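Read-outs: derived from the displayed coordinates by stated rules, not from any lab. None of the values given here were measured: they were computed from a predicted structure. Methodologically, a virtual Cβ is constructed for each residue, glycine included, from the backbone with ideal geometry; neighbour enumeration extends over all protein chains shown.
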Amino acid sequence: MGAKPMEPAPAAAEGQAAASESPTVAPTAEIELKLAATAEMLAQVRRSAVVASAGTPVRKHLDTVYYDTADRRLARRRAALRVRRSGKRYIQTLKTEGELVGALAARGEWESPIRGPDPDLSVITDPDARAVLGVILPGDLAPVFATRFARETRLIDVGGGGAPAAQIELALDDGRIETLSRKDPICELELELKSGSPAAVFDLARRLVAEIPLSIAVRSKAVRGYDLADGRDPSAVRAGDLDIGSQAPTASAIDRILRHCVDHWTANHEVVLQGVDPEGVHQMRVGLRRLRSAVSLFKSVLPGEPAGWLRSEARWLAGALGPAREWDVFLSDLLAPVETAHPGRAELSVLRLLAEEEKTRGYAAAQAAARDRRATDFLLRFGAWLADGGARSGTEDARTQSLDRPIAELAANLLDRRHQRVLKMGRGFAGMAVERRHALRIELKKLRYAVDFFAGLFPGKAARSYRRALARLQDHLGHLNDVAVAERMLTALIEQHASGTRDAAGLGLASGLVLGWHTRAVADSEPVTCQDWAGFAAVRPFWTRGRVE
Amino acid sequence: MSGPLTVLVANTKGGCGKTTIATNLAGAFAAAGLTTALADGDRQGSALGWLKRRPEGAAPITGLDWGKEDGRAPRKVARLVVDAPAAMRIKRAEALIKLADVIVLPVLPSPYDEAATARFLKRIEDLKPIRKSRTAVAVVGNRLRPRTRASTRLDAFLDDIGHTVVTRLRDSTLYAETAAKGMSLFDLSTRRAAATRQDWSPLLHAVEAVV
Ligand SMILES: Nc1ncnc2c1ncn2[C@@H]1O[C@H](COP(=O)(O)OP(=O)(O)O)[C@@H](O)[C@H]1O
Ligand SMILES: [Mg+2]
């Protein structure tokens, strides 16, 4: 069980996980999405035509206290216990999600009125609920945080005039999360499908985003509350394993894979905004690159319509994260070791200062892009596309057939193709020119992503050794690339400061020192790199054609 | 996790309080409204005997006879307590430990018990689930009065072998009195029982902390 309380809602759209499991979206699947706003933006939302025409909203003040044990047992068990005050009445709710203790896998919600503000567990008698609570002794539960906000809800009817009709509840939440010593504002909107097509929720959200620069919101109020109470920053998230199941039809496997990449991106969204952990920018960029790679991997079966914008939008956003990541890598992996070896060199201090400035600029740009409505719209467009049938939508007959086949067949073919391509490009590795090494590195990365996507289909030792050999080789070539990228960055930096008042000559000297240092290191490691190539070229592919039973 | 949260109460020494602890743990889970099973791994069947004496209307506990062979818990059981026999072959100990999320090890403050405990711990320490910390070991000092010489000695002994007690259960006639009626401390509402129950909080917290 993860240490995180109630995993962040997948992307902006809760309920989508269930939707993408099955090829068609069940009309009853709960579709809910959340967007971050400012008070000013909420006012704009109220004024916007679609919302204003929905009439007067229902206003409520919601005052909710969340309880847990000192060791956060409920959060660990992916449950939340809260008492909500409504006028003079108190409603207690226990919510659980996913896998529970005692083999009771269930999502559940138990709600009952209680007499006062303190939780009263005696009203919870369902054994499924008790199993999650476990033994709670007197005094075990304490308030963790409270959410206090004004909620304004409106029912909005969309569609008509050709488009399918749907009813959506729009809630505007304005208030704060509180712990004993800290406060964090709540300012967001939530859209929930009441009836009609799930895509309608995304379409409405996109209409609002076209007018108002709303941005992506990932963490639920409960997750934010726990983070605030425990003084935890949102932490960077790696891709995680993906198990699509070899019998999954190609279309749903593609949906799962694309969705996995998008989740990887959005799970790191708030880490990027926080701007503290460099891993956030890195992981978000990896997620977007994987997304692009997935789109090109499946180009034979994906129609041009989503493929085009998926690729271009992912490229734009990943590009906006580039400088932040590159300066991070430069400072920690390239400059730092040279500084350690040359303590007290003034030229290196100048370089550090300028590099830090560039990094700060890079982070500002990365955050602006993450917050940009273009990013929000990209995510919503993806959600709409998935809700509309994903890879299966807009199918011509020729494609339909291959989309119904089990993914394992296609996977083996695609892996084969990428593997062969790498082997071909790697011929004559030892004496290879730098440019060809770079091309090979990029091809290897594509292979790596494909292997990651499909790894769950091929359990066993062969896949593990293959991935190990691949990762080792990538490490070396990656460093080679870092040095090449640094050369480009430093050249630009020197140009930029050539006529400045700062020590331009010193900057040149420091840059030369850093580049020289690492160029030499790359040259030194050449025999090992060649060995790693040989190791990879000899490793047996772990997939076999048509492995499907 | 799949299957119930499983607590194995074990020590090779007889009379150290295994059945007492197993029945009271089961009683605590049942009283908390959890679907509970108690497996008796001892051919003597004292835990099952306790269940037979259990009065109607007390929080229900399902008994499982594992005297000859280990079985499985029925579906939907949230907590399973296993009362292990004093003497068991290493294969059986291994199988039971693999099943368990927590091993509760009662120790009496006596040189004989300490020696037996040290041997038992040494035997199980190399087993995979324990080596890999998948199974937690909770040592419980039994029949202790706090701040007595015996209690201090036991602490020193455990410290020596790299353990600490999770809790100390006081010596109390309540245990024999309730056992005779098929009850646990958690079935009583007297003030005396409530005071004695305090000893159990750290253990219950430790058990619930594993998932
Ligand atoms: N904390 C305690 N206080 C008083 N008596 C106890 C305590 N723990 C166990 N006993 C008594 O010690 C005896 C042996 O305990 P038991 O649980 O049957 O041990 P085991 O199952 O390990 O052989 C029983 O008579 C029991 O009532
Ligand atoms: Mg016994």
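Sparsely packed loop sites in region A:385-482 (the trypsin sites (Lys or Arg not before Pro) outside DSSP H, G, I, E and B with at most 11 other Cβ atoms within 10 Å) comprise A:R427. Rounded, prolate or oblate: which fits region A:250-544, taking a ≥ b ≥ c as square roots of the Cα gyration tensor eigenvalues, rounded meaning a/c under 1.5, else prolate when a/b beats b/c? Judged from the Cα gyration tensor, region A:250-544 comes out oblate (a/c at least 1.5, b/c at or above a/b).
Listed by chain and number, the lysines placed with their C-alpha closer than 20 angstrom to that of B:K128 are B:K91, B:K98; residues fewer than eight positions away on the same chain are left out. Counted by neighbouring Cβ atoms within 10 Å, the residues A:L208, B:L8 run from fewest to most as A:L208, B:L8. Of all lysines in the structure, the ones whose alpha carbon falls short of 25 Å from that of A:K446, not counting any fewer than 8 places away in one chain, are A:K299, A:K424, A:K461.
Counting only alpha carbon atoms, the long axis of helix A:526-538 and the longest principal axis of chain A meet at about 60°.
Take chain B, mark every one of the GluC sites (Glu not before Pro) that falls in a DSSP loop and has at most 16 other Cβ within 10 Å, then report the longest stretch left between them, sites excluded. The longest uninterrupted stretch comes out as B:70-211. The string of couplings for region A:316-331 from the Karplus curve (6.51, -1.76, 1.60, θ = phi - 60°) is 4, 5, 4, x, 5, 8, x, x, 4, 5, 5, 6, 4, 4, 4, 5 Hz, one whole number per residue in order, with x for Gly and Pro.
Taking a ≥ b ≥ c as the square roots of the eigenvalues of the alpha-carbon gyration tensor, region A:28-229 is classed prolate because a/c is 1.5 or more and a/b outweighs b/c.
Per-residue 3J(HN,Hα) values for region B:33-50, derived from phi via the Karplus relation 6.51 cos²θ - 1.76 cosθ + 1.60 with θ = phi - 60°, read x, 8, 5, 10, 10, 10, 9, 9, x, 9, 4, 5, x, 5, 5, 5, x, 4 Hz in sequence order (x marks Gly and Pro). Kindly identify the protein assembly as shown as rounded, prolate or oblate by the Cα gyration tensor criterion: order the square roots of the eigenvalues as a ≥ b ≥ c, call it rounded if a/c is under 1.5, otherwise compare a/b with b/c, prolate if a/b is larger, else oblate. Note, shape of the protein assembly as shown comes out prolate. Remark: B:T196, A:T125, A:T266 ranked as A:T125, B:T196, A:T266, counting other beta-carbon atoms within 10 Å and listing the fewest first. Among B:H163, A:H342, the ranking by other beta carbons within 10 Å of each residue's beta carbon, starting with the fewest, stands as A:H342, B:H163. For chain A, the longest principal axis of the Cα atoms and the long axis of helix A:346-371 meet at an angle of about 40 degrees.
Cross-link reach is defined here as a Cα-Cα straight distance under 21 Å, omitting same-chain residues fewer than 8 places apart; for A:K221 the lysines meeting it are A:K4, A:K34, A:K60, A:K95, A:K183. Karplus-derived 3J(HN,Hα) values for region B:16-29, using 6.51 cos²θ - 1.76 cosθ + 1.60 with θ = phi - 60°, are 8, x, 4, 5, 4, 6, 4, 5, 6, 5, 4, x, 5, 5 Hz; glycine and proline are entered as x.
Here is the list for region B:1-89: trypsin sites (Lys or Arg not before Pro) lying in DSSP coil, each with at most 12 other C-beta atoms within 10 angstrom of its C-beta, are B:R43, B:K68, B:R75, B:R89. Computed from Cα atoms, the angle from the helix A:407-425 axis to the main principal axis of chain A rounds to 20 degrees.
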